[in-house]
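Here's the structure we're looking at; comments come further down.
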Amino acid sequence: MHKIAMLGTGLIGRFYTMSLLNFRGKDEIKVVCAANEGEAKSFADEFGIPRWTDDMAAAIRDPEVDTVIIGIPNYLHNKAVLLAAEAGKAVLCTKPLAISGPEALEMLEAVEKAGVFHGYLEDLVYTPKTLKALDAASKGALGKVLWARSRETHGGPHSDWFWNKEQSGGGAIVDMGCHCIEIARSFIGKENRPLEVTCWADTQVHPIDAEDHAVGLVRYDSGAIGQFEVSWTFRGGMDLRDEVSGTDGTVWLNHWLRTGFEMFTNVGQGGYVAEKAEGDTGWLFPVGDEIGALGYVAMFMDMFNSMDAGKAPMETFYDGYIVNTIIDACYKASETKKWEPVDIQDWRGSGAKSETGSTLKDYDAEYYLIKEERMPNGNLKFILKNKKTGEISQIIKD
């Protein structure tokens, strides 16, 4: 059993608390911290938490606490992590890990020097669909992954600090691109080094200094491409989709908006429907188990089970650091309109597993197979390339 300091009482703090208390069950939140003491007390009363405070350092240093969970604005992550490391507490931090790659590296080095357990709370790589797809990919179902595309779009975040570039570190890229980048990286393979990025970003709708829409490409040393699409300008709810293409298979994942639960009402259902839903009349797409579908339950199971087993979780601060370095390169590329290198000061991956040309398939000793296709008349057509001459030809078999 772990005793927790929960930093933050916003939507993320609420989802985290619900996941821990309703599913993992055996851990206890001993103190909750919010910027406003009244908010902290109200949250504590709602969830039966014995202590509350507006003093982050006091919450982290609480002698009964062994684990700190960070669900507060981005610009405060560094301070909270350094305090937790100094106090010798295990620390779990929400996404993004930091507001820049150098800041993330400082946090990584602090927890490793202190020898404390650290986990990166990237929930969207823990959704049930994603975990099953990742397992299939790891067993070779897709072959070599060539391209991974992840999309998160909605009408914008919940709280004012997200819209303040000084507090958030950016706009839609740092808010949601961190999800998409890590999803693609997980499918492509974390041993593959991200080399360079190109990115378009703009502020299309909102009167803010940060971008509210962006599209980016990340090139890896395996030859794979990770693509993200993020927007705070999308209307109609929250759209979460992933698509992964390999030499031998494809995965399509639709996590949100079309949830498999569709309901029409012309009078409304009288309250909350689902995260980022824009109304409660007309066609609605509720969710049976929202925190489960978004990955929070599996994420905390992995974090605390790994902590108990004395091993690293699936997502650590190192993963958060790599994501931050990619985000930094995306912001630079959006300004220069060029491919920009990813500046990783501490690369620990083994490098691409595949050799150049490993995706070529033999038809026989003389030919490579380009494509095999069943034609409308039932014949089987093979498109071939001669290994010596490079000539392309075809063979049709009955």
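The values are calculated or read from the model by the stated rules, or taken from the named source; none is laboratory data. Predicted model, so just to flag it, every value in this text is computed and none were measured. Backbone-built Cβ (ideal geometry, glycine too); neighbour counts: all protein chains shown. The area values use the complete protein model at the heavy-atom level, side chains included, leaving out ligands, DNA and RNA. Shrake-Rupley method; radii C 1.70, N 1.55, O 1.52, S 1.80 Å.
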Only one residue in Thr281, Thr336, Thr250 is hydroxyl-bearing (Ser, Thr, Tyr), open to solvent by 60 Å² or more (accessible area, probe 1.4 Å) and modelled with pLDDT of 95 or more. Which one? Thr250
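Yes/no per residue for (1) surrounded by fewer than 24 Cβ atoms within 10 Å (Cβ to Cβ); (2) out of contact with any Pro (no Cβ under 8 Å at 6 or more places or on another chain); (3) free of Cβ contacts under 8 Å to residues at least 12 places away in the same chain; (4) under 30 Å from Gly246 (Cα atoms):
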| residue | (1), (2), (3), (4) |
| --- | --- |
| His154 | no, yes, no, yes |
| Gln167 | yes, no, no, no |
| Cys178 | no, no, no, yes |
| Ile183 | no, yes, no, yes |
| Gln204 | yes, yes, no, no |
Are any residues in the stretch 71-105 open to solvent by 20 Å² or more (accessible area, probe 1.4 Å), among the small types (Gly, Ala, Ser) and free of Cβ contacts under 8 Å to residues at least 60 places away in the same chain, and if so, which ones? Ala87, Gly88
Between a residue in the stretch 7-22 that is closer than 11 Å to Leu121 by Cβ and of a type in the set (Phe, Trp, Tyr) and any residue that is open to solvent by 10 Å² or more (accessible area, probe 1.4 Å) and in a loop (DSSP other than H, G, I, E, B), which pairs come within a Cβ distance under 8 Å, given they are 6 or more apart or on different chains? Tyr16/Gly71
I'm checking my understanding of the structure. Among residues of the stretch 129-149 that are open to solvent by 30 Å² or more (accessible area, probe 1.4 Å) and in a strand (DSSP E or B), which one is farthest from Arg258 (Cα to Cα)? Leu146
Of the residues that sit in the stretch 45-60 and are surrounded by fewer than 18 Cβ atoms within 10 Å (Cβ to Cβ) and not small (Gly, Ala, Ser), which one is nearest to Ala110 (Cα to Cα)? Asp55
Among the candidates Asp308, Asp346, residue that is open to solvent by less than 50 Å² (accessible area, probe 1.4 Å) and more than 26 Å from Gly246 (Cα to Cα): Asp346
Looking only at the stretch 31-66, which residues are farther than 21 Å from His77 by Cβ and of a type in the set (Lys, Arg)? Lys41, Arg51
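Report those helices (runs of 4 or more DSSP H) wholly inside the stretch 272-391 carrying at least 1 residues which are of a type in the set (Lys, Arg).
Values: elements: 290-293, 296-309, 317-336.
The helices (runs of 4 or more DSSP H) meeting that bar are 317-336.
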Members of the stretch 31-41 found to be open to solvent by 30 Å² or more (accessible area, probe 1.4 Å) and touching a residue at least 12 places away in the same chain (Cβ under 8 Å), listed by number: Ala35, Asn36, Glu37, Glu39
Regarding the stretch 137-151, can at least one residue be identified that is touching a helix residue (DSSP H, G or I) at 6+ places or on another chain (Cβ under 7 Å), over 16 Å from Arg185 (Cβ atoms) and in contact (Cβ under 8 Å) with a residue 60 or more places away in the chain? no
